């Protein structure tokens, strides 16, 4: 068994803190690889390494909790702000719920914020995380990154023929991180634990089921979730371009 991670530094009198939580226990079967997609390599590093690195670049995050499968020994904490919990479940919601419990054991309080982020969204920009935190810190509910739907939306019948064109004016593509107070998210998810979290597709849907109306914060179209084989080629190109840009010296003035 892996050692029990030490709790995050605690100050009970501190104002609400921000933690990141990464569910990373999935198999990623749609990615077409025998290994979980979070461990596939893009632009010289594993997907999850890029993801964690982006979150660690946000100084206002007290810590990052990574939830892996109980048998997983492929991921270890790269630095002291990261904790690894071997409590992942059969679905994303199970892993998030177990991760919330682990986060509480590590010092998170009900009023603290939790930013749940998909391990496979390795193109996340730290600036977008800072924008989300700034938008949600004073919000009574919390919110999530997203982008307005750019394409025409079609509804299909059982034969996969178009049966309607759906108005996209108020439609958004939900992304992560999704930022909610620990206590609110725990209370919103708990009633669904007995039904294996049926219908809970993300944290915002849990908050919605409890009557909350999360804030939508404009993110980036680059913050895509790697799902299919072609997504990994795109991520490799984007991350390689970013790395090259970061190492290219500025021209003299």
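Every read-out reported here was derived from the displayed coordinates using simple, explicitly stated rules and does not represent laboratory data. Quantities reported herein were computed from a predicted structural model and do not represent experimental measurements. Every residue, glycine among them, receives a Cβ derived from its backbone with ideal geometry; neighbour counts consider all protein chains shown.
Across all directions of projection, what mean area in square nanometres is found for the Cα convex hull of the range 19-122?
6.5
Extending each Cα 7 Å along its Cβ direction at residue 162 and residue 57, get the distance between those two points in nm, one decimal.
Here the answer is 3.9 nm between the modelled labels.
Is the shape of the range 138-253 best called rounded, prolate or oblate, per the rule: a/c under 1.5 gives rounded, else a/b larger than b/c gives prolate, else oblate, with a ≥ b ≥ c the square roots of the Cα gyration tensor eigenvalues?
Oblate, since a/c reaches 1.5 and b/c is not below a/b.
With r defined as the distance between the Cβ atoms of residue 248 and residue 139 and R0 fixed at 45 Å, what FRET efficiency is calculated, to the nearest 0.05?
After rounding, the FRET efficiency stands at 0.75.
Which parts of the range 192-226 would a label at residue 130 reach, counting a residue when its backbone N lies under 19 Å from a point 7 Å out along Cα-to-Cβ?
217-223
What does the convex hull of the Cα atoms come to per residue for the chain, in Å³?
176
Residue 153 to residue 13: FRET efficiency via 1/(1 + (r/R0)^6), r the Cβ-Cβ distance, R0 35 Å, to the nearest 0.05?
Here the calculated transfer efficiency is 0.10.
Give the peptides 75-85, 116-126 in descending order of average Cβ contacts within 10 Å, highest first. Please report the intermediate quantities before stating the final value.
On the way: 75-85: 16.9, 116-126: 24.2.
The most tightly packed comes first, giving 116-126, 75-85.
Determine, for each peptide in 96-107, 160-171, the mean count of other beta carbons within 10 angstrom over its residues, then list the peptides with the highest first.
So the peptides 96-107, 160-171, ranked by packing, come out 96-107, 160-171.
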